[in-house]
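Every number in this text was worked out from the coordinates using simple rules, so none of it is lab data. It should be emphasised that the depicted structure is a prediction, and the values quoted were computed from it without experimental measurement. Cβ placement follows ideal geometry from the backbone for every residue including glycine, while neighbour counts extend to all protein chains displayed.
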Amino acid sequence: MNGIDYKRPATGQSGAKFTAPKATLMSYIIKGILSRELPWGLVLLGVMIAIVLELSGIPSLAFAVGVYLAISTSAPIFVGGMVRWLIDRYTRGRPENKGLAEEKLAAEGDKSPGVLLASGYIAGATLAGVVYAFLNLKEGIRAKLTGWEEWATHNNPFFAQAGYARDYSDLLGMIPFLVLTVLLYLVGRELFLKPKAYVQKTGRSTGP
């Protein structure tokens, strides 16, 4: 869709939630190159900003991702970064890691079970998005989903309700998000769901 078609031709239903910011950005760049109308002034301005950021010690790629992604997309990334920061602090505080260099500490953090779980989160979110999109393509399945939404509208106090001044539907989505965040922290701290290969290699079957 690339942010171009916001309504389905058959039903007129809005499809704004399926917009893909990265795909939209790449489509604009490709169209600009092929049509020879790419705004090179803006491109060079971005290059200069990236150079200044790198000279200042700020990762330009992470900064650029935060610029073109919506806050609703980048906020979970920030939360994941905070979890990684907390786990890295815990890793540095271990007695066996006191004398390790910064490169070794970074390698220890990258081998953490939390990194594996976070990778699974990313893959799972992608697969869930694909499944959800396919469910909305079929008329029968979409009608059933609409029925569930109507039931939730009238019976679930956290769901979006027409005519009410307050909408608590975002709080409902925060519940599984907080559960996944706590689970990621516990796994990163090696307190829960340790892989067997990790236990055999490190000899740590329980948390310290």
*Each label point is 7 Å from the Cα along the Cα-to-Cβ direction; what then is the distance between the points at L45 and R92, in nm?*
3.7 nm
*Compute the distance in nm between two label points, each set 7 Å from the Cα along the Cα-to-Cβ direction, one at L55 and one at I71.*
3.1 nm
*What FRET efficiency would be calculated for the residue pair Y121, E37, taking the C-beta separation as r and a Förster radius of 35 Å, to the nearest 0.05?*
0.35
*Based on the Cβ-Cβ distance from H154 to F177, what FRET efficiency comes out when R0 is 25 Å, to the nearest 0.05?*
0.50
